[in-house]
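Asks: Following this message is one structure expressed as structure tokens.
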Amino acid sequence: MNTGGITNQISAFARSLIGWMPGGLGHVNIGASVIFAGMSGATVADAGGLGNVEIKAMKDAGYDTDFSVGITAASSTIGPIIPPSLPLVIYGVMADTSIGQLFAAGLIPSLLMAFSLMIMVSWYAKIRKYPKDDHFSFSVLWATFKRACLPLMTPVIIVGGISTGIFTPTEAAVAAVAYSMLLGILVYRTLSQETIETTASILMIVAASTIFAWILTTNQFATFFSEQLLSFTDNRVLIILIITLMVLIIGCFMETIAAITILVPVLLPVAVQIGIDPVHFGIILILNLMLRLLTPPVGMVLYVLAKVSDTPFERCVIATAPFLIPLVAVLMLLTFIPSISMSLPTLIYP
């Protein structure tokens, strides 16, 4: 998408939609991430694909480099929460949980993340007097929408097909792959050997991690861990905080998909025992792991943006830190108010 200029079209559409707000390009950054999330479902893809376009545009418009890098990093975390999400699919497989329900559960939290970041951008815009990007125009909006409409159909096919019962989540994946291949081969002609190698490497990680998870399960490590933790305390809030701390530590040193496949067999039984729905737990776990991508030492998004923006890694860490505040606040809300994530799954899948 980046090579074929698709990210430019997505960014242009987001710009015509919300660029008129104070701190316009900051809001555009968030809006483009929400749109791109419906196609990639991955944080690093968002940061690498859109980051190059967004940061350059913000620098050219007079925005501070730190602000540009920080909001780009923070907005990229929306990708794995909004459907269709690669980490949610991996979690659904590992937890034997409905992927359709997980997709539904991620919609409101992802929009809440976007809204919280937009509040942060508005505050920065007021303090630093960032300008509006342009006046709102229906003609410009329509023109940019027409250019971006084909990529925008990807999430419609996936989520719409599942919600209407046309196909299952597995069949939706097949439909989305076929559509993406159609765009990549016939329309944009951007698919390459690199695409195949990236997909293969992901599947190898999943396969190896699944074997490791099977070893943990057959040796009853999950049962042992559950008994030990519950013997330490039966306080639900304290157990949730302990699990969050574990994910925080492990996520700082492990790739996301590997972390999911290793942590789920260990932590999910504990979560279920204290009354947390597996779907709700999936949203909490994935968002927690996404925040780890913004923290050293293995903050993949920070490394990507350091390269894309030609900014030292240490400066990227400092620039991103303030934007963790609204994201952590959303994580806490989701953790202790389950209805935020569970309302849509309950409505769609009664």
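The values are calculated or read from the model by the stated rules, or taken from the named source; none is laboratory data. Note that this is a predicted model, so its numbers are computed, not measured. All Cβ positions, even for glycine, are placed from backbone atoms using ideal geometry, and neighbour counts span all protein chains on display.
Asks: Scan the range 53-71 and tell me whether some residue there is among the aliphatic types (A, V, I, L, M), part of a helix (DSSP H, G or I) and modelled with pLDDT of 85 or more.
Replies: Yes, the range 53-71 contains a residue that is among the aliphatic types (A, V, I, L, M), part of a helix (DSSP H, G or I) and modelled with pLDDT of 85 or more.
Asks: While we're on this one: If I ask for residues that are modelled with pLDDT of 75 or more and more than 14 Å from residue 265 (Cβ to Cβ), which ones from the range 233-246 would you list?
Replies: Here is the first cut: in the range 233-246, the ones modelled with pLDDT of 75 or more are 235-246.
Matches in the range 233-246: 235, 236, 237, 238, 239, 240, 241, 242, 244, 245.
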